[in-house]
Each structure stands twice: as structure tokens, then as C-alpha cells.
Amino acid sequence: MKDILSKLNKAFESRVRLGIMSVLVVNDWVDFNTMKYLLEATDGNLASHLKALELKELIEMRKQFVGRKPKTSYRVTHTGRQLFKQHIEALENLINNQ
Amino acid sequence: MDSESKQIKDLREIKNLMERSSRFLSLSGLSGISAGIVALAGAVIAYFILDTGQIKYDTHFYLLQPLPFENVLMPLILLGIVVLVLALGLGLFFSWRKAKKHNLKMWDHTTKRLLINLFIPLVSGGFFSLLLIYRNDISLLASVTLIFYGLALVNASKYTLDEIRYLGISEIILGMLAGIFINFGLFFWAIGFGVLHIVYGSMMYFKYER
């Protein structure tokens, strides 16, 4: 039991972070507005969680200009993908063990 | 236990977001049913335009009876355009309605991805069909359109509901059969674009929208 709990990653604890990772593992680059629409989160809240995941190098960011508007997109890193997969497996194990 | 329900909730949320963000889910079964009905009506009209089936495009018959442009080819082309516009219009309408009902965006990145992957094989098939007409070799037209349409559906199915994959495979098989039984092109068309759309549309409707 302890072993399973240790695999649950603290980095994915909030609902928004779980959401960000879920969207990114099945898509290539996803821009901020699409993410906002999918997660129904506020700008500030979403931005801070994206920043946190980026600092842990679980996701990476890209800034582009579309016309004159800047567009920020995100993509999951290799580490992020692996850790998220472990996190899901741990969640499944927890449910199955109870 | 409280934490268990939280984990189940988390997993459900993860699955839901993965689906919603990567697939076009607004596709309505009613779109398929209406497109199928329009196609069946079109096939019946085409049957009468083709002189109640007297004009056949078996090589033998074809050489004896080249299609007269004003009486046959022109009405057929017009019919094709009308059928296409009606089927697309109704299809869009029902999908738009489903999107609204489920609070989904009709036009987002999943729509774009679905259409791009659908249209690459579909447009290729369209141009290849035009080439066949241009070369005066229309015997395999029914076969070619069904096969390319099937390939387009299989290709696009990764980005929408799973049923579309099986619909695509069925269309490909039908296209092969249409190539073997070459005088029954219109019949296979009616099955492929009419009956199959109605069957799969109903399946999707009862599975996802009831």
C-alpha cells in the first residue's frame, strides 16, 4: 500500500494539473485558449498551474506570433508523459486494491 | 471510502478530457441517417435517369451505348450535386444540434483534424474519379468512389467515434464487390451511401444519443 501511495505524484494533485496532463498526453501542441476552454479554468489559475508544471519540466512551452497576436502553446515532455502514466497506474492500483 | 471515490472521479475526469480534447464527438447518428435517406432517394432517381437500368456500364454495353450528355450525364451530375449539398447540409445541422446540446464547440481543433484527415483520401478519390470520366473509362466509378470513401473514413476515424472505422471498412469491402459485379454499380452505391449510413447512423444514435 505504501508503495502505491509513493507512486502517486504530488505534481498532479490538483484537478487543473490532472486536466492539463490529460489533454497534453493525447495531443501535440495545445494552445492556451483551447486549454482554457477544455478545462473551464480561469486565466490566472490555469497560467499558474501551467507554470508549475513547466518548472518541473513535465511540460514545455512555445511562443509564436499569429499575425500580431502572441500564441502560447504547450506540449508534454518525455518525463512528464512517463510520470503521468505512472500516476494513472497508481490510481488504478489504489482502486483495485480496495 | 472517501478517497476511493475521489480516485475514481479523477480517472473518469482524465478519460473524459482525453476523449473530448482529441476526438470530434459532436458527430450525430441522425447526420448519418439523413445522409443515407437522401442518398437512397438519389439512387432511385438515378435509376430512372439511366433509363430504368437499361444503360449499363459493363464494357460491352458501354461501347454499344455511350451515355448521351444532355439526357443522361447532365441530369446525373446535377442530381449528384443536389444529393451532396442536401446530405452535407442535413449532416451539419444534426451535428451542430448535438454539439449545442452537449455544450461542445462545433468548430475546434478536433474538427479541423477530422476534416483534414477525411479530405486527403476523399479529394484524391474525387479527382481520380474525374480522371476516369475524362479517360472515358467509367466502368469502375462506383467501385473507386466507394473504396476511396471507405479509406477516407478509416483515416478520419482516429479523430471521432469508433463506429466510423467499421463503416469505412464496410464501404471498402462493398467497393471491391462493386468492382466484381460491375453492372450493379448503382445498387452497391445505394447500399454503401444509403443503407450503410442509415444502419451505422442508427447504431450511433441509439448508443450515444438516447
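The values are calculated or read from the model by the stated rules, or taken from the named source; none is laboratory data. This one's a predicted model, so the numbers in the text were calculated from it and none came from an experiment. Here the Cβ positions follow ideal geometry from the backbone for every residue, glycine too, while neighbour counts run over all protein chains shown. Quick note on the areas: whole protein, heavy atoms, side chains included, nothing else; ligands and nucleic acids left out. Shrake-Rupley method; radii C 1.70, N 1.55, O 1.52, S 1.80 Å.
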Projected-area mean, region B:114-210, by convex hull of Cα positions, square nanometres:
5.9 nm²
Per residue and in cubic angstrom, what volume does the convex hull of the Cα atoms of region B:27-208 have?
100 Å³
Please give the peptides B:35-45, B:84-94 ranked by average Cβ packing (other Cβ atoms within 10 Å per residue), highest first, as a rough proxy for protection.
B:35-45, B:84-94
Distance in nm between label sites at residue A:75 and residue B:73, each 7 Å beyond Cα in the beta-carbon direction?
4.9 nm
Please express the Cα-Cα pair-distance distribution P(r) of region A:2-97 as a list of whole percents, one per 5 Å bin, running from 0 to the bin with the greatest distance.
2, 13, 24, 23, 16, 10, 6, 2, 1, 1, 0
B/A buried area, accessible surface, summed, 1.4 Å probe, Å²
1800 Å²
Taking 7 Å along the Cα-to-C-beta vector as the label spot, tell me the residue A:68-residue B:130 distance in nanometres, rounded to one decimal.
3.9 nm
Around residue B:33 (Cβ within 14 Å, Cβ-to-Cβ, excluding residue B:33; K/R +1, D/E -1) the net charge comes to +2
What residues qualify as long-range amide H neighbours of residue B:28, i.e. H under 5 Å apart, gap of 5 or more or another chain, H built at 1.01 Å from N?
B:95
If a helix is a whole DSSP H run, which ones in chain A reach 27 Å or further along their own axis (Cα) and hold a mean Kyte-Doolittle hydropathy of at least -1.0?
A:78-97
Ignoring ligands, DNA and RNA, what percent of the 1.4 Å accessible area of chain A is carbon and sulfur?
49 percent
Only bridges with both residues in the protein assembly as shown count here: give the DSSP antiparallel percent, nearest 5.
90 percent
Accessible solvent surface per residue of region A:2-97, calculated while the other protein chains remain in place, 1.4 angstrom probe, Å²:
58 Å²
Net charge of Cβ neighbours under 13 Å - reference residue A:44; Lys, Arg +1; Asp, Glu -1
+1
Once Rh for the protein assembly as shown is found with the Kirkwood sum over Cα pairs, what is the Stokes-Einstein diffusion coefficient at 10 °C and 1.306 mPa s, in µm²/s?
71 µm²/s
Carbon and sulfur together cover what percent of the accessible area of chain B at a 1.4 Å probe radius?
71 percent
For chain B, with every protein chain kept in place, what is the accessible area per residue (1.4 Å probe, Å²)?
58 Å²
In deg cm²/dmol, rounded to 500, what helix-only [θ] at 222 nm does chain B give when every DSSP H run of at least 4 residues adds -39500 (n - 2.57) and the total is split over its residues?
-24500 deg cm²/dmol
Calculated from backbone phi, Karplus (6.51, -1.76, 1.60) coupling profile of region B:159-169 in Hz, x at Gly/Pro:
10, 8, 5, 4, 4, 4, 4, 6, 4, x, 4
Using only helices, what value at 222 nm comes out for chain A when you add -39,500 (n - 2.57) per DSSP H run of length 4 or more and divide by the total residues, to the nearest 500 deg cm²/dmol?
-18000 deg cm²/dmol
10 Å Cβ neighbours from other chains, averaged over peptide B:5-18:
5
